[in-house]
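Engineer: For reference, the structure I am asking about is given below.
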Ligand SMILES: [Zn+2]
């Protein structure tokens, strides 16, 4: 079956998951190449097979090469222990899973592999077209779309799990689409995340030399006072030749004061620390 056809069928089967981001009313039908809401707003499947829910162009700095670098590192297993830790939190029953800011989709695909539950319904969205285009090429039974975090094209209370890896949040929207017994897992970097690279790129006096996630944790706790934190920390051995990709996939090097690294400095980087917190909230 062609990719576009597969995605069309997914939306047809799961049309109740979707909501019109323009008028906030239910979707009515998939007709030919479009999904249409009860008020006639129309969203087209593009040639890659995904739906584009944004009004106008997205303002994002993440280009295709960043996502290709990310794909390389994630396929090599950079985030696998994180995905595995998320998987351990999940009940065995069938779940509707939403991956917020899915990027090029590899973590969701890896979670699908670990779940081995063909009954799960998986949806990933991102504001970036290059990311979602790459995601739709993954051999995974998941639906991907381009959407805005602040105007989710999904119905109320329809997801059992919201997963978020290094993505911004809109807790009001999250609570709206999360089932009453649903769970939110937000993965954020800790101070030592890729610290080896950080210290190569920034001098000790630079504000980027240290990273502090306190504000993010505090805001999460404000919204979810009963939330828990699970720390996941490990060393990742960089496969030969992937140093450039690591540099490319991380926003660290965007800082104005980032040092231009020499080939030798990069080549000497053979392992990096991955240190993250899983912020876990249950709605009730
Ligand atoms: Zn509408």
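Engineer: Give the stretch 8-43 a look and list any residue that's within 22 Å of the chain's Cα centre (by Cα), in a loop (DSSP other than H, G, I, E, B) and under 14 Å from residue 54 (Cα atoms), or say none.
Structural biologist: Passing the criteria: 20, 21.
Engineer: Can you tell me which residue among 54, 95 is within 16 Å of the ligand (Cβ to nearest atom) and within 30 Å of residue 193 (Cβ to Cβ)? Don't jump to the end; show me each part of the working.
Structural biologist: Numbers: 95 fails: within 16 Å of the ligand (Cβ to nearest atom).
The match here is 54.
Engineer: Can you pull out every residue in the stretch 32-51 that is within 11 Å of the ligand (Cβ to nearest atom) and either touching a strand residue (DSSP E or B) at 6+ places or on another chain (Cβ under 7 Å) or under 18 Å from residue 3 (Cβ atoms) (or both)?
Structural biologist: 35, 36, 37, 38, 42, 43
Engineer: Okay, next question. Return the pairs, sorted by first residue and then second, in which the second residue is part of a helix (DSSP H, G or I), the first residue lies in the stretch 9-32 and is within 17 Å of residue 147 (Cα to Cα), the beta carbons are less than 6 Å apart, and the residues are 6+ apart or on different chains.
Structural biologist: 27/15
Engineer: A further question follows. Can you pull out every residue in the stretch 220-244 that is without any contact (Cβ under 8 Å) to a residue 40 or more places away in the chain and in a helix (DSSP H, G or I)?
Structural biologist: 221, 222, 243, listed by residue number.
Engineer: Restricting to the stretch 190-219, name every residue that is at positive phi and in a helix (DSSP H, G or I).
Structural biologist: So in the stretch 190-219, the residues at positive phi come out as 194.
Residues satisfying the conditions do not exist here.
Engineer: Right, next: Could you please let me know if residue 213 is surrounded by 14 or more Cβ atoms within 10 Å (Cβ to Cβ), within 22 Å of residue 277 (Cβ to Cβ) and touching a helix residue (DSSP H, G or I) at 6+ places or on another chain (Cβ under 9 Å)?
Structural biologist: Values: surrounded by 14 or more Cβ atoms within 10 Å (Cβ to Cβ): yes; within 22 Å of residue 277 (Cβ to Cβ): yes; touching a helix residue (DSSP H, G or I) at 6+ places or on another chain (Cβ under 9 Å): no.
So residue 213 does not fit the description; no.
Read-outs throughout are calculated quantities, based only on the coordinates presented, and are distinct from any laboratory measurement. All figures in this text were calculated on a predicted structure; none of them were measured in a lab. When we count neighbours, we look across all protein chains shown, and the Cβ atoms used for this are built from the backbone with ideal geometry, even at glycine.
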